[in-house]
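Asks: Sending over a structure as structure tokens; questions will come in a sec.
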Amino acid sequence: MPGLFPCPAADGSIAKNAAHAEAVAERCAAKTGENLRYYNTAHTARDMDRIRQALGEKKISSWGRSYGICLGAVYRSLFQDRTGRMALESNVAPAKVWAGQVADTWGRGMAYRFPDTARAAAAQADALEPGTDVAEVTRTYLALADRLDRGPARLPGVSPPLDGAMLRNMTYALLLENDALPVLVNFWKAAENLSHGSATAADTQVLQQVFAAPAPSAEIPADNQATMFMALTCGDAAWPEGPDGYAARTSADRERWPLTAGTPANIWACAFWDRPAEPAVEVVLRAAGTRGGPAPRRPCRRGWTGLAGVLRSVR
């Protein structure tokens, strides 16, 4: 599903993104019909409770990250007396809608995290030639992304070609784990050489490693994670409708956070989605009767750390 995380064109235009988003929304609606409005986190939490019942358990204990945080928080809010221990690992702003969560945190998160790999790349300046400090590595990376925006580079046997959007998405995905930072440094170098038509056998091996698809499963459709991510994202909260306003927000986001080039504020299929079937669950931050007084309630919205898994499912 190319375009799940749409990057603006090299000149900042989102016209093609808007057309693609509308087409995706129409296809989803035609395929699923009225039921599409009922794919949301509240119903998923209710499904979890049916699993608890089927297992004959009194309570559910769980660990979650990224979307798992929202699901765990919603389950706890709906079924406080059936919740055991929960470990929720990631960053979530419960009071923000999903569109606002992405636009407000993705660019900032990239700006905070990117220097970790830039420093690692600068330490290998003699071999990789990306620059000798974080600022120079950053300029090299931005120039590479711009070059790939204007002329994608094709790696034999790999589809689609490596463009600026894929470079940014894969960079973000690999930044999520410290163990992947050395791979990311080599990925940048391989992408740089590929963009100049001078990729070596070692570069090709690195690129094939990064773009390797997960092993298919006969029980799970290949696009399952990507499609359900979209259904839940669009089904939990209403996004601003149509393309109006997205272009201005994207332009401002590109200027503020050049590493993500406007992708977080860009238009998604959710802008053309039917209204959610029910309001978002108000998340209980403290269970009733605990110290600290009445439990404040906030609408649960999701964080952005699940990008790597989704990217693996859409390549």
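Asks: Restricting to the range 206-235, what's the tally of residues that are of a type in the set (Gly, Ala, Ser) and open to solvent by 20 Å² or more (accessible area, probe 1.4 Å)?
Replies: 6
Asks: Being at pLDDT below 95 and of a type outside the set (D, E, K, R) narrows it down to one of ALA95, ALA54, so name that one.
Replies: Of the residues listed, the single one that is at pLDDT below 95 and of a type outside the set (D, E, K, R) is ALA95.
Asks: Quick check on the range 48-85: of everything there that is open to solvent by 40 Å² or more (accessible area, probe 1.4 Å) and among the aliphatic types (A, V, I, L, M), which residue is nearest to VAL283 (Cα to Cα)?
Replies: Keep residues of the range 48-85 that are open to solvent by 40 Å² or more (accessible area, probe 1.4 Å), which gives 50-51, 53-59, 61, 63, 65, 67, 76, 78, 80-82, 85.
Remaining after also requiring among the aliphatic types (A, V, I, L, M): 51, 54-55, 78.
Working: ILE51: 21, ALA54: 25, LEU55: 25, LEU78: 8 Å.
Looking at residues that are open to solvent by 40 Å² or more (accessible area, probe 1.4 Å) and among the aliphatic types (A, V, I, L, M), I get LEU78.
Asks: While we're looking at this one, here's another question. Please state which of the following conditions ASN169 fails to meet, knowing it meets all the rest: (1) at pLDDT below 90; (2) open to solvent by 40 Å² or more (accessible area, probe 1.4 Å).
Replies: Of everything listed in (1) at pLDDT below 90; (2) open to solvent by 40 Å² or more (accessible area, probe 1.4 Å), ASN169 misses just condition (2).
Asks: So, one more: Could you go through the range 226-249 and let me know if any residue there is assigned to a helix (DSSP H, G or I), in contact with a helix residue (DSSP H, G or I) (Cβ under 6 Å, 6 or more places away or on another chain) and closer than 18 Å to LEU144 by Cα.
Replies: No, that holds for no residue.
Asks: To continue, here is another question. When you scan the range 37-151 for helices (runs of 4 or more DSSP H) that lie fully inside it, which ones turn up with 2 or more residues that are within 22 Å of the chain's Cα centre (by Cα)? Quick ask: steps written out before the conclusion?
Replies: Values: elements: 41-55, 67-78, 98-122, 125-128, 134-150.
So the answer is 41-55, 67-78, 98-122, 134-150.
Asks: Please enumerate the residues belonging to the range 78-92 that are under 16 Å from THR44 (Cβ atoms) and either of a type in the set (Asp, Glu) or modelled with pLDDT of 90 or more (or both).
Replies: Of everything in the range 78-92, those that are under 16 Å from THR44 (Cβ atoms) and either of a type in the set (Asp, Glu) or modelled with pLDDT of 90 or more (or both) turn out to be LEU78, PHE79, ARG82, THR83.
Asks: Hey, any hits in the range 144-153 for a residue that's crowded, with 17+ Cβ neighbours inside 10 Å, out of contact with any His (no Cβ under 7 Å at 6 or more places or on another chain), of a type in the set (D, E, K, R) and over 21 Å from PHE5 (Cα atoms)?
Replies: Checked the range 144-153: no residue is crowded, with 17+ Cβ neighbours inside 10 Å, out of contact with any His (no Cβ under 7 Å at 6 or more places or on another chain), of a type in the set (D, E, K, R) and over 21 Å from PHE5 (Cα atoms).
Asks: List the number of the failed condition for ASP203; all other conditions in (1) charged (D, E, K, R); (2) modelled with pLDDT under 90; (3) crowded, with 18+ Cβ neighbours inside 10 Å hold.
Replies: (2)
Asks: A further question on this structure: In the range 131-143, how many residues are open to solvent by less than 40 Å² (accessible area, probe 1.4 Å) and in contact (Cβ under 8 Å) with a residue 60 or more places away in the chain?
Replies: So the count comes out to 2.
Asks: Return a yes/no flag: does the range 112-122 have any residue that is within 19 Å of ALA199 (Cα to Cα) and open to solvent by 60 Å² or more (accessible area, probe 1.4 Å).
Replies: The first filter runs over the range 112-122 and keeps only residues within 19 Å of ALA199 (Cα to Cα), leaving 121.
When the remaining residues are screened for being open to solvent by 60 Å² or more (accessible area, probe 1.4 Å), the result is none.
Scanning the range 112-122, I find no residue that is within 19 Å of ALA199 (Cα to Cα) and open to solvent by 60 Å² or more (accessible area, probe 1.4 Å), so the answer is no.
Asks: Where the second residue is open to solvent by 60 Å² or more (accessible area, probe 1.4 Å) and of a type in the set (Phe, Trp, Tyr) and the first is free of Cβ contacts under 8 Å to residues at least 12 places away in the same chain and over 17 Å from GLU241 (Cα atoms) and lies in the range 3-23, which pairs have Cβ atoms under 6 Å and are six or more apart or on separate chains?
Replies: none
Asks: Give me the pairs: first residue in the range 179-203 and under 15 Å from PRO161 (Cα atoms), second residue of a type in the set (S, T, N, Q) and open to solvent by 60 Å² or more (accessible area, probe 1.4 Å), beta-carbon distance under 7 Å, and six or more apart or on different chains, which are they?
Replies: ASN193/THR200
Asks: Continuing with this model, one more query. Hey, can you tell me all the residues within the range 20-47 that are among the aliphatic types (A, V, I, L, M) and either loosely packed, with under 13 Cβ neighbours inside 10 Å or modelled with pLDDT of 95 or more (or both)?
Replies: The one that is among the aliphatic types (A, V, I, L, M) and either loosely packed, with under 13 Cβ neighbours inside 10 Å or modelled with pLDDT of 95 or more (or both): ALA30.
The values are calculated or read from the model by the stated rules, or taken from the named source; none is laboratory data. The model shown is predicted, which means the values in this text are computed figures rather than measured ones. Counting neighbours? That spans all protein chains shown, and the Cβs are built from the backbone with ideal geometry, glycine included. SASA here: full protein model, heavy atoms, side chains in, ligands and nucleic acids out. Shrake-Rupley method; radii C 1.70, N 1.55, O 1.52, S 1.80 Å.
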